[in-house]
Amino acid sequence: QVQLVETGGRWVQPGGSLTLSCVVSGISLNDHAAAWYRQLPGQQRDYVISITSQGFAHYSDFAKGRFTISKDNAQNTVYLQMNRLKPDDTAVYYCWTRTAGEEYWGQGTQVTVSS
């Protein structure tokens, strides 16, 4: 059974930094891509950033220059490093992966950026 558990969401001031973690079980990140999405209040879930099984990253336009994705294959964990956070980054952040044609999501972690 594939499970994803995100942690690290919290309140942070504008301009601050935050790292989210996503522990994946049931599949190996050596063989599967992973991604982060986010859902702003009242809006649809949007793609943020992803990393391939080989470790190559792909960015949405708003993530370029501020967000970084990485992973630790030994820990089967994906990280989202967010810098220079803005109030518009306030959202629930979700971890995602896919295997055998099925998509899997974590429960989400809330990030709130405000002064």
*Points 7 angstrom from Cα along the Cβ direction at Arg10 and Asn30: gap in nanometres?*
3.3 nm
*Based on the Cα coordinates of the stretch 65-115, what is the per residue volume of their convex hull in Å³?*
110 Å³
_Once you place label points 7 Å from the Cα toward the Cβ at Gln1 and Gln43, how far apart are they in nm?_
3.4 nm
*asked:* Please list, short to long, the whole-number percent of alpha-carbon pairs of the stretch 36-76 in consecutive 5 angstrom bins beginning at zero.
replied: 6, 22, 25, 21, 15, 9, 3, 0
*Using the heavy atoms of the protein chains and a 1.4 angstrom probe, tell me the accessible area per residue for the chain in square angstrom.*
52 Å²
*Quick one: how many Å² of Trp96 are accessible to a 1.4 Å probe, rounded to 10?*
30 Å²
*What Rg and what Dmax come out for the chain when only alpha-carbon atoms are used, in angstroms?*
13.3, 43
*According to a simple spin-label model (label point 7 Å from Cα along Cα-to-Cβ), what is the distance in nm between Lys64 and Asn83?*
1.7 nm
*Accessible-area composition of the chain, carbon plus sulfur, in percent [1.4 Å probe]*: 46 percent
*Just going by the charge dipole of the chain, with Lys and Arg at +1 and Asp and Glu at -1 on Cβ, which of Leu20, Pro87, Gly108 is farthest out on the positive end?*
Pro87
_Segment Thr112-Asn73, length gained on full extension (0.36 nm per residue, minus Cα span)_ = 11.2 nm
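The values are calculated or read from the model by the stated rules, or taken from the named source; none is laboratory data. From a predicted model like this one, the values you see are computed outputs, not experimental measurements. Every residue, glycine among them, receives a Cβ derived from its backbone with ideal geometry; neighbour counts consider all protein chains shown. These area figures cover heavy atoms from the full protein model, side chains too; ligands, DNA and RNA do not enter into them. Shrake-Rupley method; radii C 1.70, N 1.55, O 1.52, S 1.80 Å.
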